[in-house]
Every structure is written in structure tokens, then in C-alpha cells.
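Enquirer: Before I ask anything, here is the structure I am working with.
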Amino acid sequence: MNQSLSIRAVAGMVLVAFLWAICFPFIVVGLPDAPPLLFAALRALLAGLCLILLAFTKGGRPSYSLRQLLMLAVIGLSYTGMGLGGMFLGAGKLGPGLATVLANAQPLFAAVLSFFIVREVVTGRVFVGLLIGFIGVVVLAMPEMEFGNARFSGAVYVLGGAIGTAIGNVLLKYQAGSDDIYWSMGIQLVIGSVFLGIASVSLGEGFEIDWTWSFTTAMFVLAIPATAMMVVLWYALLASAPLNSLNSFTFLTPVFGLAIGMLLFGETFTSLEMIGIGITIVGLVIVVKAPRKTTSGSAVGEQAKVIRSS
């Protein structure tokens with residue numbers, strides 16, 4: 001079954017990539033005022049409660065089977081718990097560019113996982129496009145490549161977060177379109193915040209937060225537009241388009257990150273960074289233009305029916 005992205009889906013993914021790009025700068029802004037995992041837990045909790053409140057105002061009531069709640073719990077653990085946890089722990093040890101590069105490894109993990117879970121075929125052209133795109137973001141970060149204990153542990157954290165995000169994305173694709181967006185995303189974010197809170201307490205981070213204007217601003221931006229708005233848009237897109245096609249747009253994130261640095265922090269582009277941007281765009285075009293098909297269109301349909309009837 002061939003599928004192409006609509007103009008609306010492309011515009012939505014460009015917005016998702018931009019919202020993802022502003023995360024690491026605002027995380028770095030807020031980290032001096034709060035422990036990383038507690039910061040991540042508060043971000044997820046605020047975003048989740050915001051979506052649940054919106055769900056209430058829409059007049060709906062949650063109706064989930066035990067199986068669906070377990071699915072949301074796993075998504076909360078992987079997508080929110082591991083994903084945000086890795087981001088916040090790694091952001092303080094890596095430069096934003098390198099952290100963004102490692103976070104953008106998740107489409108490669110998701111491409112493999114999606115074959116086994118939602119049966120999306122990873123064709124040779126799709127894989128080449130994904131690989132080229134990832135090479136592009138690696139080139140973008142090469143000027144910051146310095147190996148040391150802090151950077152190594154930061155890389156492990158961010159890469160672990162990327163794996164968690166990839167697992168969550170595939171599970172979200174499996175579930176997308178079978179339930180209410182606001183309830184599902186709100187519930188999994190709250191569940192993820194609980195996991196992050198438990199991890200924070202287990203590591204003895206403490207509960208001291210300095211509510212400065214910079215921290216409050218960072219918290220608001222990260223929780224509302226960069227999480228609540230982003231995950232709702234992402235979940236809606238997953239219900240209407242292939243995961244690998246959508247994931248290709250995440251390679252725009254480091255490009256946006258460089259633009260934000262240039263406009264807000266006076267950064268300039270080096271020749272190597274320009275080469276990286278070009279490689280990234282080439283990989284993006286290859287993946288977007290590649291025809292899509294599933295191993296069994298009916299199989300995915302049957303999976304969706306099972307979820308809806310649960």
C-alpha cells in the first residue's frame with residue numbers, strides 16, 4: 001500500500017521538528033535551578049495535566065481497558081520516562097549540538113522496531129535516506145566532538161533516551177487513531193512523570209528548585225508548546241501517516257537548532273556545518289520521496305481493530 005505525505009502532514013512535521021529543536025536550549029537554561037530528573041518530571045506532569053484538563057473541557061470521559069492502560073504505562077515509561085530522562089541527564093554534560101545529534105538516532109532505531117511491531121517495510125531506499133540523514137547530523141556536530149568521561153556518560157544518557165523515544169514512537173504508532181488524543185497523551189505523560197519522580201528520589205536528587213524567571217520561562221516553554229502541543233500533534237500525525245516517513249523530518253531538528261543559535265545567540269555557520277545541513281536535507285528528500293508499503297495492510301488494520309475492541 002503506497003502512502004505519501006499530505007501538505008498538512010509535512011507542515012505538521014516541520015512544526016514538530018521545530019518544537020523539538022527548542023528543547024535542549026531551554027533545558028540548558030533551566031538546569032542550573034533544578035535537579036535534571038526532577039526538572040523532567042515536572043515538565044511531563046505539567047504537560048500531562050494540561051492535556052487532561054483540555055480533555056475534561058471537551059466533555060469526554062476516559063474509557064480504557066486494562067490492556068490499553070498497560071500500553072499507556074509502557075509508552076509513559078519509554079517515550080516520556082526514558083526519553084525525557086535521557087535528554088535532561090545528558091543535556092548538562094554535552095553541547096546542545098552533540099546532544100541533538102544523538103537524540104536524532106531514534107528514527108534509525110524506530111525504523112527497525114516498526115518492522116516487527118507495526119510491519120512497516122524498511123526498503124533499501126528508506127534505509128539509505130535515514131542513514132544519509134543521520135550522517136548529516138553527525139557532520140553538524142563534529143566541531144563539538146570531544147571525548148571525555150562527562151561527555152561519554154552524557155552520550156550514553158542521550159542515546160538511551162533516543163532508544164526509549166524510538167520504542168515509545170513505535171508503540172504510539174500501534175495505538176494511534178484508536179483512542180482520544182488528549183486523554184492518551186495526558187495519561188502517558190503523567191505516568192511518565194511518576195517514573196521520572198521515582199528515579200529522581202532513588203538517585204537522591206533532592207527537591208530544591210530555584211524558581212527564577214529563567215527557570216519558570218523554561219518550564220513553561222518545555223511543558224506547554226514543546227511537550228503538550230508537540231505530542232498531540234505528533235500523535236495525530238501518527239494516525240494518518242507511516243512512522244518512518246514522519247521520522248525523517250526529525251533530521252530537521254538540528255538544522256533548526258543551528259538557526260536558533262544564529263538568530264538568538266549570534267552563532268555563525270562554518271563550512272562543515274553547511275555541508276552537514278546539505279547532507280541532512282538530501283537524506284530527508286530521499287526518505288520523503290520513497291514509496292511506502294506495509295508487509296500486510298490487513299494485518300495493521302486487524303491490530304487497530306483489536307485495540308479498539310479491547
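The values are calculated or read from the model by the stated rules, or taken from the named source; none is laboratory data. Just so you know, these numbers come straight off a predicted model, no measurement behind them. As a convention, Cβ positions derive from the backbone with ideal geometry for all residues, glycine included, and neighbour counts pool all protein chains shown. All accessible areas refer to the heavy atoms of the entire protein, side chains included, with ligands and DNA or RNA removed. Shrake-Rupley method; radii C 1.70, N 1.55, O 1.52, S 1.80 Å.
Enquirer: Percent of accessible area on region 1-106 owned by carbon and sulfur, 1.4 Å probe?
Expert: Carbon plus sulfur share of accessible area: 72 percent.
Enquirer: Turning to a different aspect of this structure: Spin-label point model (7 Å from Cα, Cβ direction): what's the THR270 to PHE207 distance in nm?
Expert: 4.5 nm
Enquirer: Once fully extended, how much extra length lies between ARG125 and VAL156, figured as 0.36 nm per residue of separation less the alpha-carbon to alpha-carbon distance?
Expert: The ARG125-VAL156 span can extend by a further 8.3 nm.
Enquirer: Calculate log10 I(q)/I(0) of region 1-90 for q = 0.23 Å⁻¹, where I(q) comes from the Debye formula with a single equal point scatterer on each Cα and nothing for solvent.
Expert: For region 1-90 at q = 0.23 Å⁻¹, log10 I(q)/I(0) is -1.17.
Enquirer: R0 = 30 Å: FRET efficiency of VAL28 with VAL285, Cβ-based, nearest 0.05?
Expert: 0.45
Enquirer: Taking the highest mean first, how do the peptides 230-238, 212-220, 99-107 order by number of other beta carbon atoms within 10 angstrom per residue?
Expert: Top to bottom by mean Cβ count within 10 Å: 99-107, 230-238, 212-220.
Enquirer: Apply the Karplus curve 6.51 cos²θ - 1.76 cosθ + 1.60, θ = phi - 60°, to the phi angles in region 199-212 and return the couplings in whole Hz, x for Gly and Pro.
Expert: With coefficients 6.51, -1.76 and 1.60, one gets 5, 4, 5, 4, 8, x, 5, x, 10, 7, 10, 9, 7, 6 Hz.
Enquirer: Okay, moving on. Going by average Cβ density within 10 Å per residue, which order do the peptides 50-58, 162-170 take, highest to lowest?
Expert: 162-170, 50-58
Enquirer: PHE115 to SER65: extension gain in nm, 0.36 nm per residue of separation minus the Cα-Cα distance?
Expert: 15.4 nm
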